[in-house]
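Notes to accompany the following structure.
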Amino acid sequence: MHGLGNEHLSKAEWRSRITTERRSMDAESHAAEALALAASAARLPGSVVCAYVPFGTEPGSPALLDQLRDQGKRVLLPIVPETPGPLDWAHYEGPSTLGPGRLRGLMEPLGSRLGVDAIGAADLILVPALAVDDDGVRLGRGAGYYDRSLVFAAPGVELVAVVRDAELVRRLPAEAHDVRMSGALTPGQGLVTRPV
């Protein structure tokens, strides 16, 4: 995706392009990437980690969450609110504690809700993304849940976008409200810092 001219794509064009590429990935390659991401999770910093359950074509699997827990980290997962706003959070206690969320295909924790400000306890936040650029600009799906939630994060917390290696790009369109990532987690490179 580092080809010439890509820096002039709109957010909608980037989303369309990356979504198409993700859909074309075969199940075996997706599983291999998910295993690599889970292995990389063993080397992530932090003792309280806000993460998420990947769904659809998103990179990763619940194995990454289990790896974080196996490392002794406290893992918080998001709960999507009924109306657009910041995410609520609950503890991840294993796969059996997940159930269907409000959005089709999304799994969420079934435990007690901790509130939107629970993200403030995290020293590492894994953020779903379609792409992240050299300056730490993240391309999300466009709903704004994370942009509304990250304002509750502690200052200086590590913000790490989880993407495929090809989704590390040179430049994405940025807006004033976009929260910059301090790194990206990829299957092939593990944890890479941003800005470059």
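With every protein chain kept in place and ligands, DNA and RNA left out, what is the accessible area per residue of region 59-108? Probe 1.4 Å, answer in Å².
About 48 Å² of surface per residue is accessible.
Out of the total accessible area of region 74-156 (probe 1.4 Å, heavy atoms of protein only), what percent is carbon and sulfur?
53
Could you work out how far the C-alpha centroid of region 31-45 sits from that of region 93-149, in angstrom?
If you average the Cα positions of each part, the centres end up 18 Å apart.
Top mean-square fluctuation among Ala118, Ala161, Ala143, Gaussian network model of the chain, C-alpha springs under 10 Å?
Ala143
Filter the chymotrypsin sites (Phe, Trp or Tyr not before Pro) in region 1-103 to those in DSSP coil with at most 16 other Cβ atoms within 10 Å of their Cβ, and list the result.
Phe55
With a 10 Å cut-off between alpha carbons and a GNM built on the chain, which of Gly60, Gly46, Gly72 moves the most?
Gly72
Helix-only mean residue ellipticity at 222 nm, the chain, DSSP H runs n ≥ 4 weighted -39,500 (n - 2.57), per residue, nearest 500. What is it?
Mean residue ellipticity, 222 nm, calculated: -6500 deg cm²/dmol.
Ranked by accessible surface with a 1.4 Å probe, highest first, in what order do Leu110, Leu64 come?
Leu110, Leu64
Using a Gaussian network for the chain with springs between C-alpha atoms less than 10 Å apart, which of these wobbles most: Ser96, Ser47, Ser182?
Its mean-square fluctuation being the largest, the pick is Ser96.
The values are calculated or read from the model by the stated rules, or taken from the named source; none is laboratory data. Small disclaimer: the values here were computed from a predicted structure and weren't measured. Virtual Cβ from ideal backbone geometry, glycine too; neighbours counted across all protein chains shown. The area values use the complete protein model at the heavy-atom level, side chains included, leaving out ligands, DNA and RNA. Shrake-Rupley method; radii C 1.70, N 1.55, O 1.52, S 1.80 Å.
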